[in-house]
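Trainee: Just dropping this structure here.
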Amino acid sequence: MTNKEKYVQAFVRALELAEGQVGEGLAYQGVENWDSVGHMGLVAELEESFGIMMDTDDIIDFSSFEKGIEILKKYGVEIEALSIT
């Protein structure tokens, strides 16, 4: 599984979304399940999927699909492409 697939699957599992709902433009509170509780579930999914521990500032700054990719780069996780195929 690629890092992009892992990243998308974290959103699918944590926020109970269809894969087609995950991608560019998806933002915190942009869907019903991405509230404060869903946010922490998403962070936990990402930490488990990539074997990282995110800093508090990064958890707070994680406000969109795109921002998450940017934050993960700080932890050595490269997401191949933004668009979902």
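Trainee: Just one of (1) among the charged types (D, E, K, R); (2) within 15 Å of S64 (Cβ to Cβ); (3) modelled with pLDDT of 95 or more trips up K6, so point out which.
Mentor: Condition (2) is where K6 drops out.
Trainee: Just for the stretch 55-75: of the residues that are in contact with a helix residue (DSSP H, G or I) (Cβ under 6 Å, 6 or more places away or on another chain) and of a type outside the set (V, I, T), which one is farthest from R13 (Cα to Cα)?
Mentor: D58
Yes or no, residue by residue, for (1) within 14 Å of E16 (Cα to Cα); (2) surrounded by 15 or more Cβ atoms within 10 Å (Cβ to Cβ); (3) among the β-branched types (V, I, T):
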| residue | (1), (2), (3) |
| --- | --- |
| Q29 | yes, no, no |
| L42 | yes, yes, no |
| L46 | no, yes, no |
| I59 | no, yes, yes |
| S63 | no, yes, no |
| L72 | no, yes, no |
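Trainee: Can you find, within the stretch 1-24, the residue that is nearest to V43 (Cα to Cα) among those that are in contact (Cβ under 8 Å) with a residue 60 or more places away in the chain and assigned to a helix (DSSP H, G or I)?
Mentor: For the stretch 1-24, the residue satisfying everything is Y7.
Trainee: At least 3 residues that are farther than 20 Å from N3 by Cβ in each: list the helices (runs of 4 or more DSSP H) lying fully within the stretch 29-85 that qualify.
Mentor: It comes to 36-50, 56-61.
The values are calculated or read from the model by the stated rules, or taken from the named source; none is laboratory data. Predicted model only: the values in this text are computed from it and were never measured. Every residue, glycine as well, gets a Cβ built from its backbone with ideal geometry; the counts of neighbours run over all protein chains shown.
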